[in-house]
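Here the structure is laid out as structure tokens; the discussion comes afterwards.
A short reminder: the numbers here are calculations on the coordinates, not readings from a lab. Because the structure is predicted, anything quoted here is derived from the model rather than measured. Using ideal geometry, Cβ is built from the backbone for each residue, glycine included, and neighbour counts are taken over all protein chains shown.
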Amino acid sequence: MALGYEKADLERLGALGGGSFDRPEDIRRVIDALGYEDQWRLRYEIKSVRSALHSPKITCIDAALLAYGLLELLFPETPRGLLAVHRRDGEGEECGHCVTLFWNEAGRVGAFSKSSFPGLGHRTAIHRDAPAVAVSYANAYMKMGFVPLYFGITTLEDVAGELDWRCSPAPLNVLSERLQERYQFSFGLAS
């Protein structure tokens, strides 16, 4: 099978997708069909594409890996990347959010996202560039009273290195640290 995926993976993809995949935006159906793992702090484990595909609930970074892998599988010519955004809430807790970026044929940028917070969902491919997508998430954080701190734009190939991010049954938690190392920009709002 393509890229190491098995028949069961493709069957699960078809079941979650509920139809044909004619354009990259159709990947949203797969992400939306899975629940959000809001108890992630109890047992933090970043899932590979295969593990996320077969899970009933996923986190934002699981959704980012899943969407990235599905773009690679279904729309290999579509440019893609990862956007990691770091923020601080009202109690001082710092945390990140990760999404998959994609560029449409017109060069506009959108994002696939999974979150329990309002305003942190998918982004339609209307943004002029990746930093504009980051600003859209920063604005959503500010509406919640959070302080957006930093963001970085990279590729999964760059941060994963030797890791099997497509099919590994083992947690890929090191990706969190590697993404944080890719923070390149400050929102300039830290206080």
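With contacts taken as Cα pairs under 8 Å at a separation of at least 6 residues, the range 2-185 carries a relative contact order of 23 percent. On full extension, the segment bounded by residue 7 and residue 142 gains 44.3 nm, given 0.36 nm per residue less the C-alpha separation. Between 0 and 90 degrees, rounded to the nearest ten: what's the tilt of helix 60-74 against the longest Cα principal axis of the chain? Result, in degrees: 40. Note on residue 177 and residue 20: the model spin-label points, each 7 Å out from Cα along the C-beta direction, lie 4.6 nm apart. The charge dipole of the chain, taken about its Cα centre with unit charges on the Cβ of Lys, Arg, Asp and Glu (plus for the first two, minus for the last two), comes to roughly 380 debye.
Model label points for residue 129 and residue 108, set 7 angstrom from Cα along the Cα-to-Cβ axis, are 1.8 nm apart. The residue list 156, 138, 13 was ranked by how far each Cα lies along the charge dipole of the chain toward its positive end, using unit charges on Cβ atoms, and 138 comes out on top.
Short to long, the 10 Å bins of the Cα pair-distance histogram for the chain hold 9, 39, 38, 13, 1, 0 percent of all pairs. Residue order for 141, 5, fewest other beta carbons within 10 angstrom first, comes to 5, 141. Between the beta carbons of residue 44 and residue 155, assuming R0 = 35 Å, the FRET efficiency works out to 0.95 to the nearest 0.05. Taking the centroid of alpha carbons for each part, the range 121-144 and the range 1-74 are 22 Å apart. The angle between the Cα long axis of helix 130-143 and the main principal axis of the chain comes to about 60°, on a 0 to 90 degree scale.
Classification of the range 1-56 by its C-alpha gyration tensor yields an oblate form. The axis ratio a/c (a ≥ b ≥ c) is 1.5 or more, and b/c is at least a/b. Dipole check for the range 14-67: with +1 at the C-beta of Lys and Arg, -1 at the C-beta of Asp and Glu, and the Cα centre as origin, the magnitude is about 160 Debye.
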